[in-house]
Amino acid sequence: MSTSILEHPRITRSYFFPRADTPDEIFFVNSGDARLACAYHVHDPEAHTLVHFHGNGEVVADYIPWMADLLAGFGLNSFFVEYRGYGGSTGCPGLVSMLDDVDAVVDAIDQPVERIFAFGRSVGSLYALELAHRHPEIAGLVLESGIADVLERVLLRVSPSDLNTTFDDVQRETRRYFNHEAKLADFRKPLLIMHALRDHLVDVSHARRMHAWSSSYQKRLAIFEQGDHNSIFEANRTEYLRDLRLFLTLHARQR
């Protein structure tokens, strides 16, 4: 178990909001001391798979079956990652401890990583980006309503004194585990960043920073005029699906 200050219960309570809802069919993944209650939908064993990391107030059941069906319509398989302590998963969520879960997920999918897309929404962007960082040969990365600066987000809700530590210690730990500028600079595969212009929870500047940091040879920044953090999909359904489908189908054809 990680001893990072970022695993402090005060941070966990402030940033993770587990619910017990589960999908009808669960695909369990063992990762260290936790058992993750994921969902795996195989449309075609030879097709690419999108690995989906949801937001901190969501669960996998929120995306089943509608998003799995949507991705199948794109010709893709889908794997929805459940977090520790969410849905039917065991364990307790933690910013750092959940980073290692990405390797267990990749192992469970059991197909070449070159046929995997990583998708992260909101806090899920941390783990999608970690998957891309650990497996830079994946087919592509999608960050929706994502977080560029984890330190900024942590300090919105807790102070170093709440954690019985100093600002320098918190900054050092976030740089150690969540240096998104460095991770994006190292990732060269296709990247799609989507964000609502009027996102009231994670400002659109996060998307712009990540796009600027990226060294991807094929990157796109899609800023949607309508909606906010929680309504980005419904408010921009046509444009959102157009951009997502074009990105996934285009880069699934590239080998």
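Quick notes on this one:
- Unmet criterion (only one of (1) within 18 Å of the chain's Cα centre (by Cα); (2) closer than 22 Å to Glu25 by Cα; (3) among the β-branched types (Val, Ile, Thr); (4) open to solvent by 10 Å² or more (accessible area, probe 1.4 Å)) for Val113: (2)
- Residue count for region 135-170, restricted to those that are touching a residue at least 40 places away in the same chain (Cβ under 8 Å) and not acidic (Asp, Glu): 19
- All positions within region 207-228 that are part of a helix (DSSP H, G or I) and open to solvent by 70 Å² or more (accessible area, probe 1.4 Å): Arg208, Ala212
- Test set (1) over 16 Å from Gly55 (Cα atoms); (2) crowded, with 17+ Cβ neighbours inside 10 Å; (3) among the aliphatic types (A, V, I, L, M); (4) in contact with a Phe, Trp or Tyr (Cβ under 8 Å, 6 or more places away or on another chain) - Leu191 fails condition number: (4)
- Within the span defined as region 225-243, every residue fails to be touching a helix residue (DSSP H, G or I) at 6+ places or on another chain (Cβ under 6 Å), within 12 Å of Glu144 (Cα to Cα) and small (Gly, Ala, Ser).
- Members of region 229-239 found to be of a type in the set (Val, Ile, Thr) and surrounded by 16 or more Cβ atoms within 10 Å (Cβ to Cβ), listed by number: Ile232
- Test: residue in region 128-136 that is more than 23 Å from Glu25 (Cβ to Cβ), in contact with an Asp or Glu (Cβ under 6 Å, 6 or more places away or on another chain) and either open to solvent by 10 Å² or more (accessible area, probe 1.4 Å) or among the charged types (D, E, K, R) (or both): no
- Close contacts from region 115-134, counting a first residue that is of a type in the set (Lys, Arg) and a second that is open to solvent by less than 10 Å² (accessible area, probe 1.4 Å), with Cβ to Cβ under 6 Å and a gap of 6+ residues or different chains, come to Arg115/His48; Arg121/His54; Arg121/Gly55; Arg121/Glu144; Arg121/Ser145.
This table checks each residue for (1) surrounded by 18 or more Cβ atoms within 10 Å (Cβ to Cβ); (2) within 15 Å of the chain's Cα centre (by Cα).
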{"site": "Asp24", "(1), (2)": "no, no"}
{"site": "Cys38", "(1), (2)": "yes, yes"}
{"site": "Pro45", "(1), (2)": "no, no"}
{"site": "Asn56", "(1), (2)": "no, yes"}
{"site": "Ala72", "(1), (2)": "no, no"}
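- The number of residues in region 142-194 that are among the hydroxyl-bearing types (Ser, Thr, Tyr), part of a helix (DSSP H, G or I) and more than 21 Å from Glu7 (Cβ to Cβ) comes to 0.
- Figure legend. Inter-residue proximity from region 50-74: first residues part of a strand (DSSP E or B) and at pLDDT 95 or above, second residues hydroxyl-bearing (Ser, Thr, Tyr) and open to solvent by 10 Å² or more (accessible area, probe 1.4 Å), beta-carbon distance below 7 Å, spacing 6+ or different chains. Indicated pairs: His52/Tyr63.
- Here Ser125 meets the list (1) open to solvent by 10 Å² or more (accessible area, probe 1.4 Å); (2) at pLDDT 95 or above; (3) of a type in the set (S, T, N, Q) almost entirely, failing just condition (1).
The values are calculated or read from the model by the stated rules, or taken from the named source; none is laboratory data. Bear in mind that the values here come from a model prediction, so they are computed numbers and not experimental data. Ideal geometry is used to build each Cβ from the backbone, glycine not excepted, and the neighbour counts take in all protein chains shown. The accessibility values were calculated without ligands, DNA or RNA, using every heavy atom of the protein model including side chains. Shrake-Rupley method; radii C 1.70, N 1.55, O 1.52, S 1.80 Å.
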